[in-house]
1. Filter segment B:90-108 down to the residues that are over 19 Å from B:ALA20 (Cα atoms) and either among the polar types (S, T, N, Q) or surrounded by fewer than 22 Cβ atoms within 10 Å (Cβ to Cβ) (or both) and list them by number.
2. Looking at segment A:236-257 only, could you name the residues that are closer than 26 Å to A:ARG225 by Cβ and among the β-branched types (Val, Ile, Thr)?
3. Search segment B:350-371 for residues being more than 22 Å from the chain's Cα centre (by Cα) and within 11 Å of another protein chain (Cβ to nearest Cβ), and hand back the single one that is surrounded by the fewest Cβ atoms within 10 Å (Cβ to Cβ).
4. Return only the number of the condition from (1) free of Cβ contacts under 8 Å to residues at least 12 places away in the same chain; (2) touching a strand residue (DSSP E or B) at 6+ places or on another chain (Cβ under 7 Å); (3) not β-branched (Val, Ile, Thr) that A:GLY52 does not satisfy.
5. So for segment B:283-300 (the condition being among the aliphatic types (A, V, I, L, M), out of contact with any Asp or Glu (no Cβ under 8 Å at 6 or more places or on another chain), under 26 Å from B:SER238 (Cα atoms) and away from chain A (no Cβ under 14 Å)), does at least one residue qualify?
6. Taking A:ALA145, is it more than 10 Å from chain B (Cβ to nearest Cβ) and part of a loop (DSSP other than H, G, I, E, B)?
7. Output the residues belonging to segment A:121-140 that are more than 12 Å from chain B (Cβ to nearest Cβ) and not hydroxyl-bearing (Ser, Thr, Tyr).
8. With the requirement that a residue be charged (D, E, K, R) and within 11 Å of chain A (Cβ to nearest Cβ), what does segment B:332-349 give you?
Amino acid sequence: MKYNIGIDIGSTCAKTIVLNETKEIIHRLLQPTGWSSVETAGAIREKLTELGVDWDNAAVVATGYGRISVPYADKCVTEITCHGRGACHIFGSDNLAVIDIGGQDTKLICVEDGMVKDFIMNDKCSAGTGKFLEIMANTLAVSPAQLCELAEKGGGVSISSMCTVFAESEVISLIGRGESKENIAFGVVDSIVKKVATQAGRLNLQDFKVCLTGGLCDFPYLRQRLEKTLNVPVDACPDARYAGAIGAALSAAAVRK
Amino acid sequence: MSQIKLPEDFVTYPEARKKAFMALKALKESGRRVVGTYCTYTPQELVDAADATPVSLCAIGEENIPPAEKVLPKNLCPLIKASFGGAVSDRCPFYYFSDMVLAETTCDGKKKMYEYLGKMKHTHVMQLPPGRTGEGALAFWKLEMEALRRDLENFYGITITDEKLRQAIKLRNRERKAILNYYEVGTLKPSPISGYELNTIITSNEYAFDIEKKIAFLEKRTAELIEKYHAECEGKPSRPRILISGCPTHGVIDKVIKRIEELGADVVGFENCCGPREKKDPVDETKDPITALAEKYLRVNCSVMSPNPGRLEALGEQIDDYKVDGVIEVVLMACHTYAIESSAVKEYVTKEKGIPFLSITTDYSTTDQGQIDTRLGAFIELLG
């Protein structure tokens, strides 16, 4: 048996996917990246060995911001190419607009005929990313998933600071004013959605089937809000958080050839 | 990751600057006049005709930012901050040795910065018209040329003759031709030279104060490269070919230009003021020199001009001539005019020319190297 392994070391989570020859997922691993990408890469290798991966028959492609820290990778491919490729596989279409909300980056990727055609990334700023959501959730003493659930019941609050640090102070002053958690959570999600929508405005999403990948794809409320704001249907599925790793594993299959 | 192969006698930009510093010191001690300049709009011929040496002042270097931010706002283009910071901190030896500075009201940031710079040393600021097609723009710019002539004459107590100007125009036109021919080595496919080396040699040569020697050096190097192409490169496969557009890239040459080539593509041309932009367009040698200079220096395709259709024309021409696979535009943080033009450039490159386009916004720091690498890497991957 041949193993096509994709390892996506993101800023927050490391995702690993093993595909067999017929491109079926045989293993999924998810773990925090922690402070050392190299150590995480080592831990992934051990875990895969335990799962019975035969390294003599394995091809490995690394992606994500920690891609250069996987010493046993045969190749590094950027997460933009991998997310595009992975999303095509997951959503069964070669023409997609991929919204990937990751830990430190939000990416919008246009794929035509299975090839990345154009992409936009956020500037060096965490507004509109998973990190923004995480920090705000911490401030509200809830998990990011809980924050999204709370947001569904809230309304009427908007967070105007684009800078995460200032937005946190803004949230703290809202707490101080006695604003409900639900309303603040609404403001947080609203801020992310607006930021993503502004970025998306630079691409013609109307021409594509739109899908959501990355760590926030599991949050139905966020997806709904995106649909509403962008005025297009947005697809998501549980495996979409592995899109980068799946794309990398598909690239590994190509490396072997 | 591939390493760029550089010739054994390759002189890096910092090395060239260091050498230039000593050369300028010697020049100055011999009694030579020195005028500090910043921009492609500067009519160097007028400086030459005053028997002075124009020298490019520092506009790069992260270390020049903190001294500038004591006076200038943080949210300002790094090139403006580094220009000011290099001058006020005496880190820029060329500023130190300049008798006076010659600058232009190119963008809002620069012209306001020059107000502060002018307090330290005589600074002649030429008023540039906001657009080249405006009624009276050329007549106004011609008056500015005459004003500069008078100021140089008064400052040095000399007379600038038309004869001197004509000589200077002829010499600089020859220099332009030599630089252009050298840049056009990049039209060869596959390219016999890395864009990093190509650009470094040009920028380093801004400090070659003997123009005749500079022309001879460039002609020799161009001939060597063409020979190398026929001997080693012709008929071989090419990596994706990138054209750089946008803001000046001196300050991000390691962070962007070098990285593109390390990540697997060739930078073959520059459609910015670090490239052949103005070299293609000589000064008319048959006209009255001041008129000819005014006409030439109003034709520079910078985004400070409104409208600026010349940039798209030049870009299209370069995309074809240099057999370009993708355009990467570099916008320096807070450079409004290039940032705004970016949408039109993207539209033109992707729709009219049908090739991929990437715009990156960055500054002189290295804090965003990871994000820049991901963008550049993904762009090169999509070029296949």
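1. Within segment B:90-108, B:THR105, B:THR106, B:CYS107, B:ASP108 qualify.
2. Matches in segment A:236-257: A:ILE246 only.
3. B:THR367
4. Of (1) free of Cβ contacts under 8 Å to residues at least 12 places away in the same chain; (2) touching a strand residue (DSSP E or B) at 6+ places or on another chain (Cβ under 7 Å); (3) not β-branched (Val, Ile, Thr), only one is false for A:GLY52: (2).
5. no
6. Here the answer is no, as A:ALA145 does not meet what is asked.
7. Across segment A:121-140, the qualifying residues are A:ALA127, A:GLY128, A:GLY130, A:LYS131, A:PHE132, A:LEU133, A:GLU134, A:ILE135, A:MET136, A:ALA137, A:ASN138, A:LEU140.
8. B:LYS346
Coordinate-derived values only; no laboratory data. Quick caveat, the model's predicted, so the values are computed rather than measured. Cβ coordinates were reconstructed from backbone atoms using ideal geometry, including for glycine residues, and neighbour counts include every protein chain displayed.
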